[in-house]
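The values are calculated or read from the model by the stated rules, or taken from the named source; none is laboratory data. Predicted, not measured: the structure shown is a model, and the values here were computed from it. Backbone-built Cβ (ideal geometry, glycine too); neighbour counts: all protein chains shown.
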Amino acid sequence: MDQLKESLKPLTDALPPEVGNFLDGGGWWLVLGLAALLLLLVIWRVLRGLGRMLFGRAKEEQTNWDQELREDLSKCPLPVRPPGERRLTVYHLPVRLRLVIVAPAGTEADVDATAIEKLLDRIVPGLKAVAVHDRPRIRVWPSQLSHHGFSSAFHRCTQKPEADDQPSRWVLVAGRALLGRQSLLVGLGLWADEPNTIGRVTLDQHQWLDVLRVKATEG
């Protein structure tokens with residue numbers, strides 16, 4: 001404190017006597033406190049600006065990434081042909097395959113877009129024939145870090161015309177499928193014969209055959 005007073009003596013000598021007496025009577029501590037508070041305020045504003053710039057940019061990049069993956073099911077073409085000889089069911093409810101989205105998991109090799117129908121057959125036997133007949137929209141997403149992240153992204157980016165708490169003919173299924181040693185992340189958009197409340201379903205690798213089945217068409 002004495003060193004500070006000495007360095008500022010040319011300035012304080014020019015101040016009115018009342019101000020000098022105030023400083024000598026302990027006012028210096030108030031001045032230092034205010035200066036420290038002002039410095040902290042400046043640092044906070046700088047860090048806040050940097051945070052907004054960095055996290056705002058990250059949020060914008062996330063939004064742009066989502067934009068490229070979004071699917072509006074209200075614009076998805078519906079089946080134009082009657083069901084084939086074999087039908088896909090979800091929880092025993094007949095559905096048509098309208099959307100297929102796949103992505104490699106983690107560091108897995110890229111997915112061959114021309115081989116997706118064959119891969120579907122390894123997830124649910126008979127699903128390839130259903131895909132060939134129903135002709136769904138097929139997309140390959142970039143590699144995903146986790147199957148939980150993929151399922152969340154699929155459900156977030158794939159929007160139904162109805163609210164999630166309302167009956168809909170759309171059923172959305174997503175999860176990880178194990179094909180030998182390879183993991184494949186899969187999302188399906190299914191169009192049911194009638195409105196239902198199944199909604200959105202997330203599956204683990206051993207649940208596909210419990211939920212999805214391909215059966216012979218009745219009649």
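Looking at (1) outside the structural domain of V132 (by TED's automatic domain parsing); (2) at pLDDT 90 or above, which is the only condition L54 fails?
Single failed check for L54: (2).
Select from region 133-160 the residues that are in a helix (DSSP H, G or I) and among the hydroxyl-bearing types (S, T, Y) and list them in ascending order.
Of everything in region 133-160, those that are in a helix (DSSP H, G or I) and among the hydroxyl-bearing types (S, T, Y) turn out to be S151, S152.
Regarding region 179-189, can at least one residue be identified that is of a type in the set (G, A, S), buried (at least 21 other Cβ atoms within 10 Å of the Cβ) and under 15 Å from V95 (Cα atoms)?
yes
When F150 is evaluated against the numbered criteria (1) surrounded by 18 or more Cβ atoms within 10 Å (Cβ to Cβ); (2) out of contact with any Cys (no Cβ under 9 Å at 6 or more places or on another chain); (3) closer than 24 Å to Q67 by Cβ; (4) modelled with pLDDT of 95 or more, which criterion, by number, is the only one it fails?
Exception for F150: condition (4).
So, in region 86-108, of the ones that are in contact (Cβ under 8 Å) with a residue 40 or more places away in the chain and assigned to a loop (DSSP other than H, G, I, E, B), which residue ends up farthest from G149 (Cα to Cα)?
Here the answer is H92.
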